[in-house]
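Presented below is the structure to which this report refers.
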Amino acid sequence: MADGFTLVLDGLIDLLLMIPPVLLAMMIAGLAWYLQKSWRLALAVAAGLLFIVNQNLWKETIETLVLVVAAAGASMAIGVPTGIWAAHNERVWRVLQPVLDLMQTMPTFVYLIPVLILFGLGIAPGLIVTVVFAAPAPIRLTYLGITSVATPMLEAGQAFGATRSQLLWKVELPAALPTIMAGLTQCIMLCLSMVVIAALIGADGLGKPVVRALNSVNIPLGLEAGLAIVVLAIILDRMSRVRTGGAR
C-alpha cells in the first residue's frame, strides 16, 4: 500500500515540477479567480507563489502542496460520509465521540511511532499519518452541520414526499455546506501542521528545511520556510472558502 501511495504522489510531484514555476503560479492564480471570482485574491495568490519561487523553495512547496491536497482530500472523503452516518445514527456517534476525543488530544509526535514501524520512512507514511491526524475535524463538523439543519426544513421536505436520500442531497447537505466547508478549512490547516512534523519520518516538503534549520540553528532558513508555509496556508484557506457575493 505504501509503495502505491509513493508512486502516485511522486508522479504528481514530478508532473507539476515539469511545468515552469511562473506558469504554474499563474495557473493556480487563475484557479483562485475561478473559484472565488476575486481578482484581488488571484493577484495575492500570484504574488505569494512568486515570493516562494524567489526564495528557491518551489520544489519543497510543490511537495507540500501535493501532500496536503491528497491528505485533505482523503480526510474529507472519510470524514464527510462518517459524519453523515453519525448524524443519522446516535449509536454510531456515541461510539465515535470518545475515539475522536482520543485522536484530537493525542500528542502529534505519538502518531509517528506506529506509522514509522508499519510503513517505514517516506512520503506515503507522511500521507497516512496526516490523514489520521486531520480526519476528526471533518467528521465533527459534518456531524454538527447535519444535526443543525432546522427541523421545519426537514418537515417541509417530508411533506413534499422526499425520500431519505432526497432529503440528504437536497435539504441537509445544502444547509450544512458552510459548516462542512469550515471542516475542510480546518482539515487543510491540520494537514499543513502535520506535514511539517511528518518531515521527521522522511516526508519531503517544507518541513525538511524547517527541521534542518532547527538542527543547525539556521534562523534565516527557518524563517524563509516558515513564511512559505504561511503563504501556502493562506492561499489554500482563501481558495477553499464558500464564495458569498459577486466578483470583487
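A few points about this structure:
- Segment 35-51, residues that are open to solvent by 30 Å² or more (accessible area, probe 1.4 Å) and outside any helix (DSSP H, G or I): LYS37
- Scoring ALA137 on the criteria (1) in contact (Cβ under 8 Å) with a residue 40 or more places away in the chain; (2) over 30 Å from ILE13 (Cα atoms) leaves a single failure, condition (2).
- Residue satisfying all of: in segment 163-199; β-branched (Val, Ile, Thr) and in a helix (DSSP H, G or I); nearest to the chain's Cα centre (by Cα) among these: ILE188
- Here is the figure for segment 140-168: residues that are in contact (Cβ under 8 Å) with a residue 60 or more places away in the chain and either among the β-branched types (Val, Ile, Thr) or farther than 18 Å from SER75 by Cα (or both) total 4.
- Positions within segment 119-147 being modelled with pLDDT under 80 and in a helix (DSSP H, G or I), in sequence order: PHE119
- Checklist (1) part of a helix (DSSP H, G or I); (2) more than 18 Å from the chain's Cα centre (by Cα) applied to VAL69, failing item: (2)
- Taking the criterion of being over 23 Å from the mean Cα position of the chain (by Cα) and part of a loop (DSSP other than H, G, I, E, B), the residues of segment 202-232 that qualify are VAL217, ASN218.
The values are calculated or read from the model by the stated rules, or taken from the named source; none is laboratory data. All of these numbers come straight from a predicted model, not from anything done at the bench. Cβ sites come from the backbone with ideal geometry, for glycine too, and all protein chains shown count toward neighbours. When the accessible area is computed, the model is the full protein with side chains, heavy atoms only, and any ligands, DNA or RNA have been set aside. Shrake-Rupley method; radii C 1.70, N 1.55, O 1.52, S 1.80 Å.
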